[in-house]
Each structure stands twice: as C-alpha cells, then as structure tokens.
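A quick write-up on the structure given underneath.
Just so you know, all these numbers are worked out from the coordinates, no wet-lab data involved. Treat the numbers as computed from the prediction; the structure is a model and nothing was measured. Virtual Cβ from ideal backbone geometry, glycine too; neighbours counted across all protein chains shown.
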Amino acid sequence: MQLMKYCAFAALIGALVGTNQARAANLLANPGFEDPVTSDGPPFVGSWEAFNGGAGSSSANSTVTPRSGAQDLNVAITNTDNTFAGAFQDVPGLTPGTVGTFSGWHMSPSNPLDLTVEVRIEWRNSVSNTEISRTPNSNPVPTSAYTQFFLPATVPAGVDTARVVYAIQTFSGGPTNNGSVFVDDVSFDVVPEPATIGLLGLGTIGCVTLGRRNRRG
C-alpha cells in the first residue's frame, strides 16, 4: 500500500513538471505592450524601459499594427547614422542552471530595412547590481509579416536576474540607416534544471521496478 501511494505521488509530481514545461509561465510584465512603456529609470522590474540614442531614433507604444490586443512596441530610426533604440525589462528570482528563453514576434513595413536588430539577455546579480555576463547578440531579420524570434540560454552562476533586451541600431553603416520595427507578444520562460527532471524520472522508474519485484514475491 505504501509503495502504491509513493508511486502515485511520484507520477503526480512528474505529470505536474511535464505540464509546467509544456506551459511554462511567461515571467514578463506587459508582454503585449498594452500598458505604456516608460523612460524613467530604475527599477526595471514589472515594466518595459524604452531607450533611444536621441534625435532620429524612437521607442514607444503604437496602435498601427499590433499582432494581438490594441498596441505593440514600435522602434524606429530615421535616416540617422550610429544610433539605436529599443526596450528592456528585468526578470528577477532566477536560479543558475535553469534554461530561460527570450522570445517574441516582430515585423517591419520598411523596404528596405536598413538597420540591425539585436536581441540579447544580460545576466545580472541584483545584490551587487552588476552585470555578470551577456549572451551574444542574436540578429533576427523581421519581414513584412510577423515572425517569431527565439533566444534560449542557461542562467550562469552568480546570476539571479535576466535583463531581456530588444534593440535596433545603425552602427554597421548603410546607404540610408533607416527603418521601423514593430514588436509584440514577448515572453521570457524558464524550465526546471535537467537534474531535477532526471531525479523525478528515476523515482518513477524505481516505482516500476519495485512493483515488478513485489509481484514476483
């Protein structure tokens, strides 16, 4: 009887973990940019902080072409060299060794789009308020229809916060250095450590093995 209870409990926990993996919660606030982005400094938890390089660049809410809801984010550079625009948000409470995935949807009506998109995760320690490391920039190219971008990465040692960044820049040079990009339905999801999932799996296997032995006895 005790074995049956243990196995039922292990199966339940395994099912819950599997469900959480399949339906990982989005840890970002305001993922669809329905609320206003801000430019008022820290804290950066619970809202998007917009930034830009000054004249000729902008980052703001837009109602022009949302993928869902009533608004999205529009980042734009107008015929300006060596500038940038974007938005970021901090996600606290992370555990080193877990895998976080920064993803979302973007599109551009600009043809040609003469700028570079940069998607990255800056890994931070909230106690020392310092950046520990960052992922290499991912440079997805938006098209005229919404397409999805993904950036998965393992949380490094000494990190408890992810700063997820979506930006555009014109440092690479080009004939016009001009374009507009819309971003919507952004997420940051975390899945459990592989070791935790492995232990649950071993527990379930152990239940099956013990059950077979008991039947033989």
Bins of 5 Å, starting at 0 and running to the largest distance - Cα pair percent for segment 26-191 = 2, 10, 19, 22, 20, 15, 8, 4, 1
message = With 13 Å as the cut-off, how large is the P(r) tail for segment 59-110, expressed as percent of Cα-Cα pairs?
response = 73
query = If you project the alpha carbons of segment 139-182 onto the principal axes, what extent comes out on each, in Å, largest first?
reply = 43, 25, 13
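Less than 13 Å Cβ to Cβ from PHE102, Lys/Arg counted +1 and Asp/Glu -1: what total charge do the surrounding residues give? Provide the component values of the computation, followed by the final result.
Details: positive: ARG120, ARG134, ARG163; negative: ASP90, GLU118, GLU122, ASP185, ASP189.
Neighbour charge sum, excluding PHE102 itself: -2.
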